[in-house]
Amino acid sequence: YYTLVAILFVFVFFLLDRLIQSVFGRTLLAIKDNEARASATGYHVDRFKLAVFVVSGAVTGLAGGLHAVMTGIAPLANIDYHASEMILIMAVVGGTGNLYGSVLGAAFYILAGHWLSALWPRWLMLLGFLLIAVSLYMNKGIWGLIANVYQRMTTKRPDPHSSIATDSKEST
């Protein structure tokens, strides 16, 4: 069963990544950035919103169906506010607007939940403080932080000693 879920995850992730890289995905980004401008350029904004809602519902339905197959039932607890806030926290902590950030946020939520629940029974409050810190100081979530660190590490900086050497040669 877990092999099937892993294969389906990779397949759906690949399809969603292709969807984001397509013209449809770029149009959704344009709508997100400036809905009025996207509408003025001739895009039917409501149709795009409906289409992305259908895609989101299909992926969520697939996940819910797989969860029901695993547990043998579809409990009503899966549609309460805690499940919705859990998904929202995963997306915000991982980084919104990026599939990789969503996966990272989900892994972080599960691991942090296990670790924090061992520390204190009110671990959700600690996770709330963490969410506030991420929202205030890391606008793009953990994935954005990783991308910034990687960019700083790979960006070549001018050697300060070489500029001193050329300045001293010019002055003589």
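The values are calculated or read from the model by the stated rules, or taken from the named source; none is laboratory data. Keep in mind that what you see is a predicted model, and the values were worked out from it rather than measured. With ideal geometry, Cβ positions are generated from the backbone for all residues, glycine too; neighbour counts draw on all protein chains shown. Surface areas here come from the heavy atoms of the whole protein model, side chains and all, with no ligands, DNA or RNA. Shrake-Rupley method; radii C 1.70, N 1.55, O 1.52, S 1.80 Å.
Observations on the structure shown:
- Of all residues making up the range 6-45, the number that are hydrophobic (A, V, I, L, M, F, W, C) and either open to solvent by 60 Å² or more (accessible area, probe 1.4 Å) or over 20 Å from the mean Cα position of the chain (by Cα) (or both): 13
- Any pair with Cβ under 7 angstrom, 6 or more apart, that starts in the range 35-48 at a residue that is closer than 16 Å to residue 25 by Cα and ends at one that is among the acidic types (Asp, Glu): 45/35
- In summary, helices (runs of 4 or more DSSP H) completely within the range 69-172 and bearing 3 or more residues that are at pLDDT 85 or above and within 12 Å of the chain's Cα centre (by Cα) occur at 81-94, 99-119, 141-154.
- Yes/no for residue 66 being part of a helix (DSSP H, G or I), surrounded by 14 or more Cβ atoms within 10 Å (Cβ to Cβ) and in contact (Cβ under 8 Å) with a residue 40 or more places away in the chain: yes
- Close pairs (8 angstrom Cβ cut-off, 6 or more residues apart or separate chains): over 14 Å from residue 86 (Cβ atoms) in the range 112-128, surrounded by 14 or more Cβ atoms within 10 Å (Cβ to Cβ) anywhere: 119/126; 120/126; 126/116
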